[in-house]
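Report on the following structure.
The values are calculated or read from the model by the stated rules, or taken from the named source; none is laboratory data. All figures in this text were calculated on a predicted structure; none of them were measured in a lab. Here the Cβ positions follow ideal geometry from the backbone for every residue, glycine too, while neighbour counts run over all protein chains shown. Protein only, heavy atoms only, side chains kept; ligands, DNA and RNA dropped before computing areas. Shrake-Rupley method; radii C 1.70, N 1.55, O 1.52, S 1.80 Å.
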Amino acid sequence: MSLTGTPFLYTTIVLAVVALILPLVLWSRVRGPKPLRTSARLLMLLFAQGTAVTLIFVLVNNQNNLYDNWADLLGTGNHVQQAQDLGSDGTGGIAVKRLPKVKQAFAAADGPGMHAAGGVRVTQLKGRVSGVNAEVYVWLPPQYDEPAYRNKKFPVVELLPGYPGSAKAWFGSMKAHEQLLPLMRSGQVAPFILVAPRTNLLAGVDTGCANIPGQVNADTWLSIDVPKMVMDNFRAQPAPQGWAVAGYSAGAHCAVKLAVAHPDRYRAAVSLSGYNDPIGERNSLASQTPALRSENNPYLLLKKAAVPPRIALYISGEAGDGYQAGVALEAIAKAPTTVHVVFLPRSAGGHNMALWRPQVDTVFRWLTLQMGQNHARGRDRSLTGTTGTTPRSPLTGGSTRAALASGTASRAGAAQKR
């Protein structure tokens, strides 16, 4: 029985109702010695509490798409076949453009929201370079199958969830395709192909979207294998001009890191409540050593770049939860890098879907402006919003803004719930 399926949800509801009725009906009818009666009543109470907790978990999980299946929940899933040392560029010396085309079979995806707005399709991809074997979800814009667009190639946005998080989250909890469908039809938003690859690749840890020899090549999976598959199977624009990446929470960190590290693969990135220092996620593999932490910190990567990358970054967040990370990147950005920072007040929500879901409209309008454009300045103020001003709100954990942004903060000071 699927963890996120309707049958399991209905089963937990029935069990919770039964567990509530049992004590009301049987409490005074239990017969036998006192120890037996006490034990029976205790079991009824424990059964009621257990079913109630299970039902709440199922509802929360279905609402936020935290765990996709039982293997993810129990920590038994492993989607890494091999993790060779692929070098600094993540290719292992392989001429990716010369590899044979990857032809994939796609099926209709199941789950909440998967059948809305024309439907989401899914395929199981074996990454030839990364050694990752995992699912990838794809949604095509309404124009894709129209005769007038039969020769057109479409821009692509990779969508990354937080940790823990399901690849379905942008379609399920975020309802991105449902929000964007009418905007694409009316021409307010460009007809993007939406691609959501699995990022939860190892049991019980966040990969940090990093390449770590012997453990995982998550960076290569996201920035090489998945894009190649998409371009081989759909009319997708080539990188970097036609590609962007967006994420929330841990996925936001990954999005910015991928764009800064690979300006030859991405033109733009969107970060919703993200962070620069990998220790922003306490379970991130990318924070385990100083070297990995530095190699996967987009602030340090951007600061050390010999040539400023031609990328555009959109970063939104509340004080102490994404905003300062954006301000730090904005402060060091040099043309042609552009950074657009949006400050969100605490009243806007918290570190959850209620804060991120309403931003889908805005960020895709921004992406529509950025894709194919070249801004010749370090700060992009093309959209209204609070930028460049640090709010009077202290960061949690005692870490200074500079320390949290640069990667010198303590783990306790930087750790946040993701």
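A few points about this structure:
Here is a yes/no grid of residues against (1) in contact (Cβ under 8 Å) with a residue 40 or more places away in the chain; (2) over 12 Å from the mean Cα position of the chain (by Cα); (3) open to solvent by less than 10 Å² (accessible area, probe 1.4 Å):
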site	(1), (2), (3)
Arg235	yes, yes, no
Ala239	no, yes, no
Gly242	yes, yes, yes
Val245	yes, no, yes
Gly251	yes, no, yes
Cys254	yes, no, yes
Pro263	yes, yes, no
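- Of the residues Lys175, Lys101, Lys168, the single one that is open to solvent by 70 Å² or more (accessible area, probe 1.4 Å) and at pLDDT below 95 is Lys101.
- Residue within the range 286-294 that is hydroxyl-bearing (Ser, Thr, Tyr), more than 23 Å from Met174 (Cβ to Cβ) and part of a helix (DSSP H, G or I) present: yes
- Residues (farther than 30 Å from Gly5 by Cβ and free of Cβ contacts under 8 Å to residues at least 60 places away in the same chain) located in the range 93-129: Gly93, Ile94, Ala95, Lys97, Arg98, Pro100
- Condition check for Gly119: modelled with pLDDT of 95 or more, more than 18 Å from the chain's Cα centre (by Cα) and exposed (fewer than 15 other Cβ atoms within 10 Å of the Cβ): yes
- Some residue of the range 122-136 being more than 18 Å from His79 (Cβ to Cβ) and at pLDDT 95 or above: no
- Close Cβ contacts (under 7 Å, 6 or more residues apart or on different chains) running from residues in the range 1-22 that are surrounded by 12 or more Cβ atoms within 10 Å (Cβ to Cβ) and part of a helix (DSSP H, G or I) to residues that are modelled with pLDDT under 85 and of a type outside the set (Phe, Trp, Tyr) comprise Phe8/Met1; Phe8/Ser2; Phe8/Val58; Leu9/Val58; Leu9/Asn62; Thr12/Val58.
- Within the range 23-62, the set of residues being among the polar types (S, T, N, Q), open to solvent by 80 Å² or more (accessible area, probe 1.4 Å) and closer than 30 Å to Gly172 by Cβ comprises Gln49 only.
- Among the residues making up the range 339-351, those that are under 19 Å from the mean Cα position of the chain (by Cα) and more than 22 Å from Lys257 (Cβ to Cβ) are Gly349, Gly350.
- Some residue of the range 332-352 being modelled with pLDDT of 90 or more, open to solvent by 20 Å² or more (accessible area, probe 1.4 Å) and part of a helix (DSSP H, G or I): yes
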